[in-house]
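Inspection log for the structure reproduced underneath, given as structure tokens.
The values are calculated or read from the model by the stated rules, or taken from the named source; none is laboratory data. As the structure is a prediction and not an experimental result, all values here were calculated from the model. As a convention, Cβ positions derive from the backbone with ideal geometry for all residues, glycine included, and neighbour counts pool all protein chains shown. The protein model used for the area step is the full one, side chains on, heavy atoms only, and it has no ligands, DNA or RNA in it. Shrake-Rupley method; radii C 1.70, N 1.55, O 1.52, S 1.80 Å.
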Amino acid sequence: MSAQDRVVAVVAHPDDAELMFYGTLRAWHDAGAEVSVVVATHGAGGVSLADQAVGARLERGDRPAESAASYEGTGIGFECLELEDGALRADRQLVSAVETALVRLGCTVLLTHAVHEGNDHQDHHAVARAAVNAAVRVPGCTTVLHGQPHNAHSHVAPTVLVDITAYVDDKVKALARHQSQAGRYYLGEEFTRHRAAEAGYRLLPEPAADGRCFEGLVPALLLLGQPERP
């Protein structure tokens, strides 16, 4: 990564980028890249049925504010498209919204959800497909990487590791900012540290045994450069 790189993480919900990419975004920003997070939905639907039964509700701005707070002081940009939570489809509206954001931010490296057929949130599937669709029309976007879903039945096997050892403590704190989602196992410290170790033990067991922490990614597109145009 260098000052010429523009890294954009496009995700469905306000905690998704922190779950999949927080350490990677921090590491690449500190290496010189310009880094931004684009969240598609406001996430107000992120209330369990049990909590809804006792009157729990979220306003449209609650969860984006939690996510924005997790990047305070890091130099990483954050924005929310405020689309409807739970109703995303990889249609013209979503593709156009994502493409517009990628072009405006000058994206050269795209991070997004995994494209797969396993069990995952419907919004994750929609954003993944829309982002890949949009990326091919963004001048300069030469790299697409997909994050590892937290769902254990996702059938996604990362082949690229980013060392986040220096940022794993901050990742735990960033996820703790999501108080509206408190109690969900995948936002907790134990799961976060286990996940950061598990990726390394599968691909780089010796560094993992030495305590190194990683985030796993799956490459979808890697070009050495844009073709010359007449």
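In segment 177-204, the residues that are touching a residue at least 60 places away in the same chain (Cβ under 8 Å) and within 24 Å of GLU72 (Cα to Cα) reach residues that are crowded, with 20+ Cβ neighbours inside 10 Å and hydroxyl-bearing (Ser, Thr, Tyr) with C-beta atoms within less than 9 angstrom, at least six apart or across chains, in these pairs: ARG177/SER67; ARG177/SER70; HIS178/SER67; HIS178/SER70; TYR186/THR192. Filtering segment 110-133 to residues that are β-branched (Val, Ile, Thr), within 17 Å of PRO158 (Cα to Cα) and crowded, with 22+ Cβ neighbours inside 10 Å leaves only THR112. For segment 159-206, which positions are within 19 Å of GLY45 (Cα to Cα) and of a type in the set (Lys, Arg)? The answer is ARG177, ARG184.
Scanning segment 121-146 for residues that are part of a loop (DSSP other than H, G, I, E, B), more than 14 Å from the chain's Cα centre (by Cα) and either within 19 Å of LEU83 (Cα to Cα) or among the aliphatic types (A, V, I, L, M) (or both) turns up VAL136, VAL138.
Results for (1) modelled with pLDDT under 95; (2) part of a helix (DSSP H, G or I); (3) farther than 17 Å from SER36 by Cβ, shown as yes or no for each residue.
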site	(1), (2), (3)
LEU58	yes, no, yes
LEU81	no, no, no
GLU99	no, yes, no
LEU102	no, yes, no
LEU111	no, no, no
ALA114	yes, no, yes
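Within segment 86-97, the residues that satisfy the criterion of being in a loop (DSSP other than H, G, I, E, B) and open to solvent by 30 Å² or more (accessible area, probe 1.4 Å) are GLY86, ALA87, ARG89, ALA90, ASP91.
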